[in-house]
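Just below is one structure, and these are the notes that go with it.
The values are calculated or read from the model by the stated rules, or taken from the named source; none is laboratory data. Note that the structure is predicted; figures quoted are calculated from it, not measured. So basically every Cβ, Gly included, is an ideal-geometry build from the backbone, and we count neighbours across all protein chains shown.
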């Protein structure tokens, strides 16, 4: 079991080019798409990474991979995709909440 104080975690984050541990967790998770890989990169336990990411509002599936369901930023309800457009670098999607009818946009970057 691995236990680290806040100073050690901040130092690791700065070595990786992030300003703090929260930015490091989110940045690495978005890049690596796996809590296990983030844990290995930061030398943390997977449960610690999962706990921190959930605390930051990241939606995880049971296998530690990101959930594709976006929740409404206003009420947290489910949404419908109203429009989807693909460009050379990203996919732009317009969503509308089923509960409060608010609209919001998400951008997904395309990987080679």
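Couple of notes before you dig in:
- Residue within segment 91-111 that is modelled with pLDDT under 80 and part of a loop (DSSP other than H, G, I, E, B) present: yes
- Residues of segment 12-26 satisfying the condition of being more than 16 Å from residue 48 (Cβ to Cβ) and assigned to a helix (DSSP H, G or I): 14, 15, 23
- Scanning segment 28-44 for residues that are in a loop (DSSP other than H, G, I, E, B) and loosely packed, with under 15 Cβ neighbours inside 10 Å returns 33, 43.
- Candidate set from segment 45-60 (those that are within 23 Å of residue 109 (Cα to Cα) and part of a helix (DSSP H, G or I)); member that is nearest to the chain's Cα centre (by Cα): 53
- Number of residues in segment 14-25 that are modelled with pLDDT of 80 or more and buried (at least 17 other Cβ atoms within 10 Å of the Cβ) equals 3.
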